[in-house]
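Some notes on the structure that comes next.
The values are calculated or read from the model by the stated rules, or taken from the named source; none is laboratory data. It should be emphasised that the depicted structure is a prediction, and the values quoted were computed from it without experimental measurement. Positions of Cβ are generated from backbone atoms using ideal geometry, with glycine treated the same way; all protein chains shown enter the neighbour counts. We work out accessible area using only protein heavy atoms, side chains counted, and drop any ligands, DNA or RNA first. Shrake-Rupley method; radii C 1.70, N 1.55, O 1.52, S 1.80 Å.
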Amino acid sequence: MNDFDLKLEKLEDSIGKKRFDHSIRVYKTALKLNEKLNLNLSKEDIKLAGIFHDCAKYNEQMYFEKYKEKYNLDDNIIENKAVSHSFLGAIVAKEEYNISNRDVLDAIKYHTTGKEDMNNLTKLILISDSIEPNRNYDGVDKLRDIAKKDLNLAVIMQLDSTIKFLIDKHSIIHLQTIKARNYMVKGYKWKS
């Protein structure tokens with residue numbers, strides 16, 4: 001078994017088969033969108049970011065404790081379970097799976113919240129996570145259609161949807177999500 005296969009086995013053991021299968025679907029969705037949109041992103045970067053984007057999922061507390069001192073992590077990182085796995089995921093990908101590519105680590109770190117001035121890999125993983133074939137929620141089909149034509153508009157729509165969903169649930173909205181959305185809206189070339 002080669003090194004990558006060992007990493008995949010370790011990942012599946014860590015996050016479970018259901019989440020592992022989701023991660024493979026995110027990778028495959030991102031790969032298809034990369035081709036469809038002519039983004040010309042590295043297939044290797046897409047593979048690593050897509051497959052390992054949820055590498056800290058279900059083990060947030062353990063990884064937080066393990067890397068708290070080394071990375072000087074603030075307790076706030078662990079309070080929002082919906083996004084803590086992504087911020088911790090970049091650390092876990094680096095420490096546990098020896099992924100060192102900064103673009104890949106950023107795509108993992110910001111796949112739930114987005115961030116200002118995202119590169120295309122980060123946008124691609126964020127949107128692929130939201131539209132992979134097993135996702136089923138109101139508006140997902142429209143988002144899938146838009147994503148095949150306009151990555152930036154799809155990301156704006158996804159961020160808008162996330163913010164509306166969190167407002168309706170009276171949940172905390174991560175500041176990164178608001179900043180990402182505002183940055184994307186300001187920079188988007190809206191059609192009249």
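Observations, loosely collected:
- Most mobile of ILE78, ILE127, ILE91 in a GNM of the chain (Cα contacts under 10 Å): ILE78
- Here the accessible area of the stretch 34-192 is 47 percent carbon and sulfur, with a 1.4 angstrom probe and all protein chains present.
- Per-pair calculated FRET efficiency, R0 = 25 Å: ILE178 and ASP138 via Cβ, rounded to 0.05: 0.70
- Label-to-label distance, ASN76 versus LEU166, with points set 7 angstrom from Cα along the beta-carbon direction: 1.3 nm.
- Projected label distance in nm at GLU44 and ASP103, using a 7 Å step from Cα toward the beta-carbon: 1.2
- Kirkwood hydrodynamic radius over Cα pairs of the chain, then Stokes diffusion coefficient at 25 °C and 0.890 mPa s, in µm²/s: 145
- MET62-TRP190 FRET efficiency (beta carbon distance; Förster radius 45 Å; 0.05 resolution): 0.50
- Calculated log₁₀ intensity ratio I(q)/I(0) where the Debye formula runs over C-alpha points of the stretch 5-89, q = 0.10, 0.16, 0.20, 0.23 Å⁻¹: -0.30, -0.69, -0.92, -1.05
- The residues of the chain expose, per residue, 55 Å² of accessible area to a 1.4 Å probe.
- Normalising the average separation of contacting C-alpha pairs (under 8 angstrom, six or more residues apart) by the number of residues puts the relative contact order of the chain at 21 percent.
- Electrostatic bookkeeping for SER23 treats Lys and Arg as +1 and Asp and Glu as -1; over the other residues with beta carbon under 11 Å from its beta carbon, the sum is +2.
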